[in-house]
1. Could you order the peptides 137-150, 88-101 from most to least packed, using the average number of other C-beta atoms within 10 Å per residue?
2. Net charge near Phe29, counting Lys/Arg +1 and Asp/Glu -1 over other residues with Cβ under 13 Å of its Cβ?
3. Say R0 is 35 Å: what FRET efficiency, to the nearest 0.05, do Asn33 and Arg87 get from their beta-carbon distance?
Amino acid sequence: MKLKRIISILLLACLLVLLAPTSLASTSFSDVNETDWYYNQIMAMTEKGLFKGKGNNMFCPNDTMTKAEFIAVLVRTLYPEKDLTARDGEPWWGPVYNEAVNANIITWIYTGRSINQSNMLYVKSAAMEEVVTRQEMAALVVRTLMARGETLPEPYMYVGDYTTADKLAVASIRLAYAAGIIVGDEYGRFENYV
């Protein structure tokens, strides 16, 4: 799943590095070397305060990205000055989750999670530690752009394999394609929705 983590990083790097204000904090990770092809993107996002690492001076580039981690990057983009530190007994992502709900990036429901036609992502708090899928990333990024007040282009109508995606995620995938946030392979396929 290393590739999925790196694709997530690059997707976010392209979208957010130029949009987020610069943080004064500088961090390095013992498991991210200057010779790694993704080094510059990770460090740029870390300097902007979007990545915090996994603790113990580790980034863990071979791990998959969870919903909590992905949403944390998006929330830090919207609220770079906000203290998102968890209180005692609260999961690390608790304040991130609450801010994402307040910004309408996600909506909490008790019964589970799904993507609906208005691009709203329903995430049950228990699902925050699950791996984020590409179609969920598309929905989350589109919702974040909407929360920022960004104008989105008309949806891109041809995505080679969108019919294999969750039918409720298609609108987000088309918008993300049109905005240039995601691209498919040389045949225009999105692939690997989950």
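1. So the order, starting with the most tightly packed, is 137-150, 88-101.
2. Numbers: positive: Lys52, Lys54; negative: Asp31, Glu34, Asp36, Glu47, Asp63.
Summing Lys and Arg as +1 and Asp and Glu as -1 gives -3.
3. After rounding to 0.05, the efficiency reads 0.50.
Computed from the coordinates by the stated procedures, all read-outs in this text should not be read as laboratory data. Treat the numbers as computed from the prediction; the structure is a model and nothing was measured. Reconstructed Cβ throughout: ideal geometry from the backbone, glycine too, with neighbour counts over all protein chains shown.
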